Amino acid sequence: MSSSTVRVALRIRPLSPQEHLNGETECVTQLPGVPQIVIGADRAFTFDHVFASEVGQEQMYDDSIKPLVTQFLQGYNATVLAYGKPVWQCDGLTIRQTGSGKTFSMGTGLTQTEAEAHGVVPQAISEIWSHLEKRAQGGLTYSIDVSFLELYNEDLIDLLNPRAAVGSRGPTIREDSRGNMVLVGVERMAAQKQSDILEYLHQGALSRTTASTDMNRTSSRSHAIFTIHLRQQDRRSSTLYSNGDAAGENVGMDGGPSIVSKIHFVDLAGSERIKRTGAAGDRAKEGISINAGLLALGNVISALGSVTGGDRSARRTPHVPYRDSKLTRLLQDSLGGNSQTLMLACISPSSKNSPESLNTIRYANRARNIRNRVAVNFDKNSSAELSILKTEVARLRGELSKHKLQRRQSAAALSDSSDNAGLVREVEQLRQRNTDLVQRLNIAQRRVMELENDRDALREQVASMGGSVHSTPGLSAGQLPAEESAASTRPNSLFVESDVLSRSNVLETIDRELAEQA
């Protein structure tokens, strides 16, 4: 869902012939090249579009209304809100009420001139129908319904079925589960061709409540809302419109989703000064009701403008009084809701009507601060849409399962990595221990070799010493005297025996060490 501001177009009607005869001058000046006007001496206002008196119907429509109709055909809700205060014109000795150009711009008059036939509503109907007919050749199916309501004395009246209001409560306003305004008890007429829509528009205009006052012989006594409801579906492919543009993507289904949208053309009655209109009785009651509805609408515009026009964190969000009037309840989607909205403000340039023109300009200028939350409207009950939603749910579930599996694998890999680290440390310890044992084994082997060498040397010494005792070189035992022989033999044998015993002990020690090393 994206955000969109309420756009405002200001249209300045030309001075009437009577105003020229009265010598009235223009008090509204448009600055060249920019959508800005100056009223009076120094009061400047900027809008999205400003149309001077010489701008024709078609240019006004192409610049301000056509983009709105294009968005309506893409699936967005749209609203054209026409507002203009009645102005006063002196005709000789009589002061009468005249228009600000609102009905002329909208093209909804009972007796349309050729110029009025090219107003906003007829041109929008023509463009909508030609666009749908062109797309129908490529596989688009669509249906159009229209409704026409008026709000008279805070009562809703169905202008396409006025007799239904007799003895009944008439249409009522409800709010659905998604917060959208729904009208119950309204006749929605199906249109099979473009002329049907224009016929319903003319039929409702004939049924609209008008009355004569001292200022206007055919004064409108109610607010009117003409609505075109569109349902479209592309059977060739499933083309989904994204929020913000008309680009789509094919999801491979037999039929696309149903897109439902509506466009409101709202004609607001102008506020009245009862003292100047001379209204009394029912006319006075009607004027009071009109003024009360416009006052409630102004309060809603001010509240919404204060919410979106400044820093929200700096103050508390004010209450938006939608329920103060049925008019504001009807326009709840258009102001602050799900709708692309344009306010068409119509004023008179006459200096005598500058107070009324200034009030209209201020009224419209506040609406520029309103931000709506807009989105393409898919029919949640269509089978194609349900199939798309089910496919999307299945895809999301698959992604969720994949994500959970990846998390489990990551956790297992993390656990394996910690186990591997322990094993690596243990292997390193074993390798170090093996190195120490190899070193100890080498030392032991060298010690064994040394001991074996020492043993062999000692054995040779023992053997040599034993032989020297019994064979003395140069003299035999029998040649010595007996006494000397006995005396000399005794100490030598004792020495040799002790030396032999000590070396035998050394050999036994070496043998034990060799046994231990083995």
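Listed values, structure above:
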{"read-out": "Residues of region 330-366 classified as assigned to a strand (DSSP E or B), at pLDDT 90 or above and among the polar types (S, T, N, Q), total", "value": "2"}
{"read-out": "Residue identified as surrounded by 10 or more Cβ atoms within 10 Å (Cβ to Cβ) and modelled with pLDDT of 90 or more among V374, V427", "value": "V374"}
{"read-out": "Only listed residue being in a loop (DSSP other than H, G, I, E, B), open to solvent by less than 40 Å² (accessible area, probe 1.4 Å) and modelled with pLDDT under 60, chosen from G244, G255, G248", "value": "G255"}
{"read-out": "Yes/no for L330 being surrounded by 10 or more Cβ atoms within 10 Å (Cβ to Cβ) and free of Cβ contacts under 8 Å to residues at least 12 places away in the same chain", "value": "no"}
{"read-out": "Test for V307: is it modelled with pLDDT of 90 or more and surrounded by 14 or more Cβ atoms within 10 Å (Cβ to Cβ)", "value": "no"}
{"read-out": "Of the criteria (1) at pLDDT 95 or above; (2) out of contact with any helix residue (DSSP H, G or I) (no Cβ under 9 Å at 6 or more places or on another chain); (3) not charged (D, E, K, R), which one T29 fails", "value": "(1)"}
{"read-out": "Candidates N365, N369, filtered to the one that is surrounded by fewer than 20 Cβ atoms within 10 Å (Cβ to Cβ) and under 14 Å from Y83 (Cα atoms)", "value": "N365"}
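The values are calculated or read from the model by the stated rules, or taken from the named source; none is laboratory data. Because the structure is predicted, anything quoted here is derived from the model rather than measured. Backbone-built Cβ (ideal geometry, glycine too); neighbour counts: all protein chains shown. The area values use the complete protein model at the heavy-atom level, side chains included, leaving out ligands, DNA and RNA. Shrake-Rupley method; radii C 1.70, N 1.55, O 1.52, S 1.80 Å.
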